[in-house]
Amino acid sequence: MALSEHIFEDDIHPIDLVEHIAEHHKWDFERIADDHIAMAVVGQWRTYSITLAWSAYDETLRMVCTFEMEPPTEKLPKLYELLNLVNDECWTGSFTYWEKEKLTVYRYGLVLAGGQDVGPDQVDTMISAAVMSAERYYPAFQLLVWGDRTPKEALQVAIAEAFGRA
């Protein structure tokens, strides 16, 4: 049954909706605050930590999908170069590396200006796209950091990967 076939109130809080979706998929989650939820989504390569936060002021649902990666300091310039190449390939969201936390991060913000409502299929697609992107590019990040590949060589692995395995 599609998520959109579930009956939701018209003005359900975005984080309540995310919680219903997490329950639907049987993902581990924790409601951190009324406007913030964290969950773990298992992929092929990693278990991804995903947080979603609602800002009523900005009318934005922000998603952050992270996974740990501890590249040697001397690899950081090449990692940043690869992140730029990867971001050129991403139509939604973008990757960055948080050096202090040692996390690779995929971020996306869904703007709902003018009082728009978010639908379950939008949120489910947003989360699925984050996991699919992380799964697609994870091998490239690993090859660059631990396999002594150039950013362009590492990216070729991601481009050659089959889609739809998240």
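In loop segments of the range 18-59 as defined by DSSP, the GluC sites (Glu not before Pro) with at most 16 further C-beta atoms inside 10 Å of their C-beta are Glu59. Overall size of the range 42-166 from C-alpha positions, given as principal axis extents largest first: 48, 32, 25 Å. When only alpha carbons are used to place a centre, the range 80-95 and the range 128-158 end up 11 Å from one another. A straight Cα-to-Cα reach below 20 Å connects Lys75 with the lysines Lys100, Lys102, Lys152, residues fewer than 8 places away in its own chain not being considered. The 1.4 Å probe gives accessible areas that order Val118, Val157, Val111, largest first, as Val111, Val157, Val118.
Here the Karplus curve 6.51 cos²θ - 1.76 cosθ + 1.60, taken at θ = phi - 60°, turns the phi angles of the range 94-105 into couplings of 7, 9, 8, 10, 9, 4, 4, 8, 6, 10, 8, 10 Hz, with x standing for Gly and Pro.
Just want to confirm a number: the relative contact order over the chain, from Cα pairs under 8 angstrom separated by 6+ residues, in percent. Show your work: numbers first, answer last.
Values: 242 pairs, mean separation 35.3, N = 166.
The value is 21 percent.
Leaving out ligands and nucleic acids, and using a 1.4 Å probe, what accessible area per residue does the range 1-107 come to in Å²? Could you put the intermediate results ahead of the total?
Numbers: 6360 Å² over 107 residues.
With the other protein chains kept in place, the range 1-107 gives 59 Å² per residue.
Applied to the range 24-36, the Karplus parametrisation 6.51 cos²θ - 1.76 cosθ + 1.60 on θ = phi - 60° returns per-residue 3J(HN,Hα) values of 4, 8, 6, 7, 5, 8, 9, 7, 6, 7, 4, 10, 8 Hz, with x for Gly and Pro.
Residues whose amide H falls under 5 Å from that of Leu112, counting only those 5 or more places apart or on a different chain, are Thr60, Leu61, with hydrogens built in the peptide plane. Between the helical axis of 151-160 and the longest alpha-carbon principal axis of the chain there is an angle of about 50 degrees.
Calculated FRET efficiency, Asp35 and Glu68, Cβ-Cβ r, R0 35 Å, to nearest 0.05? Please report the intermediate quantities before stating the final value.
Numbers: r = 26 Å, r/R0 = 0.73.
That pair, Asp35 with Glu68, gives E of 0.85.
Remark on Gly43: its backbone amide H falls under 5 Å from those of Tyr48, a criterion applied only to residues 5 or more positions apart or on other chains, H modelled at 1.01 Å from N.
Residue by residue, the range 68-79 carries 3J(HN,Hα) couplings of 6, 7, 10, x, x, 3, 5, 8, 4, x, 5, 4 Hz when phi is fed to the Karplus relation 6.51 cos²θ - 1.76 cosθ + 1.60 (θ = phi - 60°); x denotes Gly or Pro.
The values are calculated or read from the model by the stated rules, or taken from the named source; none is laboratory data. The model shown is predicted, which means the values in this text are computed figures rather than measured ones. A quick note on method: Cβ atoms are made from the backbone with ideal geometry, for glycine too, and the neighbour counts reach across all protein chains shown. Accessible surface is based on the protein model in full, side chains and every heavy atom, while ligands, DNA and RNA are left aside. Shrake-Rupley method; radii C 1.70, N 1.55, O 1.52, S 1.80 Å.
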